[in-house]
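Since the structure comes first, as structure tokens, the remarks are kept for the end.
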Amino acid sequence: MEGVRRGFGFGSGSAMAFVVLLALVLVMVPEASATRFTVGGNKGWTTNVNYTIWAQDKHFYNGDWLFFVYDRNQQNILEVNSTDYETCNSDHPLHNWTTGAGRDVVPLNVTRRYYFLSGKGFCYSGMKMTVKVENPPPPPKAAPVTSKGSAPLSPVFRSQFVLPAIFAIGAVRMVTATVMVVVVGFLTTSAAAKLYKVGDEQGWNPNVNYTQWSADKGFYVGEWLIFNFDKRYYNVLEVNKTSYDSCNDQAFITNITRGGRDVFELKEARPYYFLSSGGYCYHGMKLALVVQEHPPLAPALAPAASNASPNSLTSCPQMSIVSLIVISSLAFRKEEMGFVFIVMSM
């Protein structure tokens, strides 16, 4: 414990080292992620496909999704009970998942057996499927922690832990440098530019009214949008007005999608149109906004009398922010050494 206290006793940088250690722990924990299954694989949801064979080697867990791709002019997706499934009866569906897009998703959010079919007689041509949804398996147990009296960690385990630690520290340093460059550039170009989080706390998701969200906002050239979304299911496409109105995701202008936390700069004074493909546009994932030129600035007020130098940090808030970032990065250098010392001494 004395060694731990020495390693983390450098003051303001200890919080940064703790964040790095926490990130490493999170990376080592296996991620339980949901899966989206495209029904029928490359064949999609159509006739003369054996969906029993398609589903038999797959495990469907609570939280997964089914993605149906089909001809929206002919077929549909109906959830039914076991009896109607066996007889291809589409008169009393439990739920009609058809939206008219031909690219519809069904969440598997209950642990039970599901039954699906297509009406209009297509069920008799094989368009029926049943899947059993289970709870996901428990994560594997972590290895027991070595006690004081036991042997030291093996070189293999130490390398598996130390190398990720060093790389994580390097990554934090790179992020710090990047943030400094971005902040300096941002503050020197325009202190008035805004960053809008699309949908606020709801993010970029289905069933959100983005027309209402944007109605009370004024968007100007040089401002930014940030889209927060689940990259496994959604994306962000810039389209023209015609594609926006019809939810057409084929002829997009720009694919903004990168990693689920994506930014877009509003560089021109014009209307912008965004949507998500995969049928989610029909569930409300579309945004239109008009970007304007900045209004002329008000005449500058006369500076107040002060004994402080005009170049001092107190008279330049931009430089104060940059200075804080530089000081924080320098403080972190000491912390890096303490953190590596602790890891190497394990």
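Computed from the coordinates by the stated procedures, all read-outs in this text should not be read as laboratory data. Treat the numbers as computed from the prediction; the structure is a model and nothing was measured. Positions of Cβ are backbone-derived with ideal geometry, glycine not excepted, and every protein chain shown enters the neighbour counts.
Estimate the FRET efficiency between THR130 and LEU195 by the formula 1/(1 + (r/R0)^6), using the beta-carbon distance for r and 56 Å for R0, to the nearest 0.05.
Values: r = 47 Å, r/R0 = 0.84.
Result of the calculation: an efficiency of 0.75.
Amide hydrogen proximity for TYR196: with H placed 1.01 Å from N in the peptide plane, the residues at 5 or more positions away or on another chain lying under 5 Å are TRP224, LEU225, ILE226.
Note on ASN109 and ALA251: with the Förster distance fixed at 25 Å, the Cβ-Cβ geometry gives a FRET efficiency of about 0.15.
Sum up the charges of everything whose Cβ sits under 15 Å from the Cβ of ALA269, counting Lys and Arg as +1 and Asp and Glu as -1, but leave ALA269 out. Spelling it out: positives minus negatives among the neighbours equals -2. What is the local net charge at VAL105, summed over the other residues whose Cβ is closer than 12 Å to its Cβ (Lys, Arg +1; Asp, Glu -1)? The answer is 0. Measuring r between the beta carbons of ASN81 and TYR220 and using R0 = 51 Å, the FRET efficiency lands at 0.40. Between TYR61 and LYS231, the simple label model (points 7 Å from Cα in the Cβ direction) yields a spacing of 2.0 nm. For the pair ARG270 and ARG72 in one chain, pulling the backbone fully straight at 0.36 nm per residue adds 67.9 nm over the alpha carbon distance.
Cross-link pairs exceeding 18 Å between alpha carbons, from the set LYS43/LYS128; LYS197/LYS286; LYS217/LYS286; LYS194/LYS241: LYS194/LYS241.
Answer rounded, prolate or oblate for region 232-299, using the Cα gyration tensor with square roots of eigenvalues a ≥ b ≥ c: rounded when a/c is under 1.5, else prolate when a/b is larger than b/c, else oblate. Before the final figure, lay out the partial values.
Numbers: a/c = 2.70, a/b = 1.82, b/c = 1.48.
Prolate shape, in that a/c is at least 1.5 and a/b is the bigger ratio.
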